[in-house]
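The next block holds one structure in the form of structure tokens; read it before the comments.
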Amino acid sequence: MTRKEIFWSNVQDVIKGIEKHPFITGLIDGSLPMRNFQFYIVQDALYLREFSKVLLMASTKAESEEQKINFLTHVMDASRVEEGLHYTFLRNWKIDLSSQEMSPANRAYTSFLLSVGYSSSFPEILAAVLPCYWIYMHVGKSLKEKGSPVEEYSTWINTYGGEEYEKGVRWAIDQLDKVDVSRTEEVRMLKNFRLASIYEYMFWDSAYKAERFPFPINVNL
């Protein structure tokens, strides 16, 4: 088995959990309450700002010029998604992103990614960011085949189920088999990959539950 096959096989329990999660199935049949989708879009917009920083770290620590350039391109792609998809939704809903707070799951996930980005090697960063790419492509392609009766949900599905998005994801996945690492580093990569995959599940679960901190996290001086 290739490394990418081994990594994907190690998260099949998480993938199955995501596929049958009521947030995902609710997109397909339209039963997901719009307020939960709005919660998700807000959190995803906040997430992408931090995720872009980690992609920039991946570019800085890249092992080849191709990796450096492509991850820089992905930073710009993330910004375009934020501008084109998220801000369109947020404007329509009259939601001011600057007044929104990260959910506990979102803060935990992005803190993990930033920690890996700052302290780890390129292969380990690659493994940590890949689930966001890979799982979104997997879910997007699956949902696109089924569609949704809700216009907003269809717009989201078409973004992540499209061929252009898949092209960039396939390239990123292929980098797993191109990095030369020791057995110890490969184990750390796989642990990062699995933990990030679990966080992907938690991100959707958090939106479905509209999860918030039990006490306000803002402070007044």
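Does LYS146 satisfy the condition of being basic (Lys, Arg) and at pLDDT below 95? When the stated conditions are applied, LYS146 passes them. Being buried (at least 19 other Cβ atoms within 10 Å of the Cβ), in contact (Cβ under 8 Å) with a residue 24 or more places away in the chain, among the aromatic types (Phe, Trp, Tyr) and within 18 Å of GLU124 (Cβ to Cβ) narrows it down to one residue among PHE51, PHE39; which is it? Residue meeting the stated conditions: PHE51.
Candidates GLY117, GLY161, GLY168, GLY147: the one that is over 17 Å from SER52 (Cα atoms) and under 16 Å from the mean Cα position of the chain (by Cα) is GLY161.
Rundown of residues vs (1) assigned to a helix (DSSP H, G or I); (2) in contact with a helix residue (DSSP H, G or I) (Cβ under 7 Å, 6 or more places away or on another chain); (3) modelled with pLDDT of 90 or more, yes/no style:
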{"residue": "TYR153", "(1), (2), (3)": "yes, yes, yes"}
{"residue": "THR159", "(1), (2), (3)": "yes, yes, no"}
{"residue": "GLU166", "(1), (2), (3)": "yes, yes, no"}
{"residue": "VAL179", "(1), (2), (3)": "no, yes, yes"}
{"residue": "ALA196", "(1), (2), (3)": "yes, yes, yes"}
{"residue": "TYR208", "(1), (2), (3)": "yes, yes, yes"}
{"residue": "PHE213", "(1), (2), (3)": "no, yes, yes"}
{"residue": "VAL219", "(1), (2), (3)": "no, no, no"}
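Inside the range 181-194, can you point out the residues that are of a type in the set (S, T, N, Q) and either modelled with pLDDT under 95 or surrounded by 17 or more Cβ atoms within 10 Å (Cβ to Cβ) (or both)? Show your work before the answer.
Of the residues in the range 181-194, the ones of a type in the set (S, T, N, Q) are 182, 184, 192.
Result: ASN192, single match.
In the range 89-127, of all residues being within 15 Å of LYS191 (Cα to Cα) and of a type in the set (Val, Ile, Thr), the one that is surrounded by the most Cβ atoms within 10 Å (Cβ to Cβ) corresponds to ILE125. The set of residues from the range 172-210 being within 16 Å of the chain's Cα centre (by Cα) and over 22 Å from ALA108 (Cα atoms) comprises ALA172, ILE173.
Out of curiosity, is GLU19 under 16 Å from TRP134 (Cβ atoms), surrounded by fewer than 20 Cβ atoms within 10 Å (Cβ to Cβ) and under 16 Å from the mean Cα position of the chain (by Cα)? Spell out the reasoning first.
On the way: under 16 Å from TRP134 (Cβ atoms): yes; surrounded by fewer than 20 Cβ atoms within 10 Å (Cβ to Cβ): yes; under 16 Å from the mean Cα position of the chain (by Cα): yes.
Yes.
Applying a threshold of 6 Å to beta carbon distances and a minimum spacing of six or more residues, or different chains, the list of pairs starting in the range 16-28 at a residue that is in contact (Cβ under 8 Å) with a residue 12 or more places away in the chain and of a type in the set (Val, Ile, Thr) and ending at one that is assigned to a helix (DSSP H, G or I) and crowded, with 18+ Cβ neighbours inside 10 Å reads ILE18/TYR201. Of all residue pairs spaced 6 or more apart or on separate chains, those with beta-carbon atoms under 7 Å, a first member in the range 109-125 that is over 15 Å from TYR199 (Cα atoms) and among the acidic types (Asp, Glu) and a second member that is assigned to a helix (DSSP H, G or I) and modelled with pLDDT of 95 or more are GLU124/VAL116; GLU124/GLU185; GLU124/ARG188; GLU124/MET189; GLU124/ASN192.
Consider the range 111-143. How many of its residues are modelled with pLDDT of 95 or more, farther than 15 Å from TRP204 by Cβ and not hydrophobic (A, V, I, L, M, F, W, C)? Here the count works out to 9.
The values are calculated or read from the model by the stated rules, or taken from the named source; none is laboratory data. It should be emphasised that the depicted structure is a prediction, and the values quoted were computed from it without experimental measurement. Positions of Cβ are generated from backbone atoms using ideal geometry, with glycine treated the same way; all protein chains shown enter the neighbour counts.
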